[in-house]
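Take a look at the structure below.
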Amino acid sequence: MSELSVNHLLGIKYITEADIQLIFETADQFKEVINRPIKKVPSLRDITIANLFFENSTRTRLSFELAEKRLSADTVNFSAASSSVKKGETLVDTVNNILSMKVDMVVMRHPNPGAGIYLSKHIGASIVNAGDGAHEHPTQALLDSYSIREKLGDVAGKKVVIVGDILHSRVALSNIFALQKLGATVKVCGPKTLIPKHIESLGVTYEPHLEKALNWCDVANMLRVQNERMDISYFPSTREYTQQFGLNKKILDNLNKEIVVMHPGPINRGVEITSDVADSKQSIILNQVENGVAVRMAVLYLLASKIQRNEN
Ligand code: CP
């Protein structure tokens, strides 16, 4: 019987290529389900999931909530802004209180890197990391690689450039791990100040010129400049950033090949990518969002299957 090698999804670093392939094959089946007139299956009818968001989210939160509804799970939603965290309650106390209400799984976004790993050592429920600070965003990387596989047939052998704020990006780190496990070659591009000093130790090369990087790649993943994670200025001005690292239609049309354009969202239109590129036929940004539901259904289903097997 195929099952995941892990009981939690804390990061792509901690799962195997076989885990990723199993998630993709399961997501293929769920993608077929969510395109039917009746989009629901009873797979998680006995499972209760808590969605704990200690940080803002649109796509990830809605995508998990929809995935859970499509799988018939019972859900509770928690937002830090309106909770007793504001009164000084610790993370472990908050989560243990929620778990005492018989919750089986926790989907958590948290501003602190490693929050999910810490929690997994203190609670009994299965944890899915929905983004932890600048550390990992595993389901985003899974849906990104799944979308490349859908568009180009396979991830193995493809050349992917990740452009922008690599230093503060959990999306970049999780994508690097996922793409490499699946056999892609990865470059990063952006202002030197936004590239981690030891990026080469991850088996990634740095290309400082956007057009060179784009002419090399099959896929460009354009990241958002994360002003909220910057306590100092990493480049002279947004205008200069856009001039050097922004993707516009003129650059795209002048490349020596047709590349696929991705963005994890939320987009700063006119900063890292212009509207005509984001909305062009080369962009798969909305496919990424659509695939997020099927991929998250697969992750929840596979982790819940382990809980159900352990109970029987
Ligand atoms: N891509 C992503 O994580 O978006 P949200 O912050 O809106 O969830």
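Values in this text are rule-based calculations from the coordinates and carry no lab data. Just so it is clear, the model here is predicted, and its values are computed rather than measured. Here the Cβ is made from the backbone with ideal geometry for all residues, glycine too, and neighbour counts use every protein chain on show.
Observations
- Euclidean distance of C-alpha centroids, the range 240-294 and the range 23-52, integer Å: 29
- Note on the chain: percent of Cα-Cα distances in each 20 Å bin, starting at 0 and stopping at the bin with the largest distance, equals 33, 56, 10.
- Stokes-Einstein translational diffusion, the range 138-285 - Kirkwood Rh over all Cα pairs, 1.567 mPa s, 4 °C, in µm²/s: 86
- Beta-bridge orientation, the chain: approximately 5 percent antiparallel, per DSSP, counting only bridges with both partners inside.
- Within the straight-line cut-off of under 12 Å between alpha carbons, the aspartates and glutamates reachable from LYS187 are GLU200, GLU207, ASP218, sequence neighbours fewer than 8 places apart in one chain being disregarded.
- Rel. contact order, % - alpha carbon contacts under 8 angstrom, at least six apart, the range 173-230: 27
- Remark: for residue pairs LYS151/LYS257; LYS31/LYS257; LYS69/LYS102, the C-alpha separation exceeds 21 Å in LYS31/LYS257.
- Charge context of ASP74, other residues only, Cβ under 14 angstrom, K/R +1, D/E -1: +1
- Peptides 63-71, 20-28, 234-242 ordered by average Cβ neighbours within 10 Å, highest first: 63-71, 20-28, 234-242
- Note on the range 155-178 and the range 125-143: Cα centroid distance 14 Å, given to the nearest whole angstrom.
- Cβ-placed point charges (K, R +1; D, E -1), dipole of the range 9-137 about Cα centre in debye, nearest 20: 420
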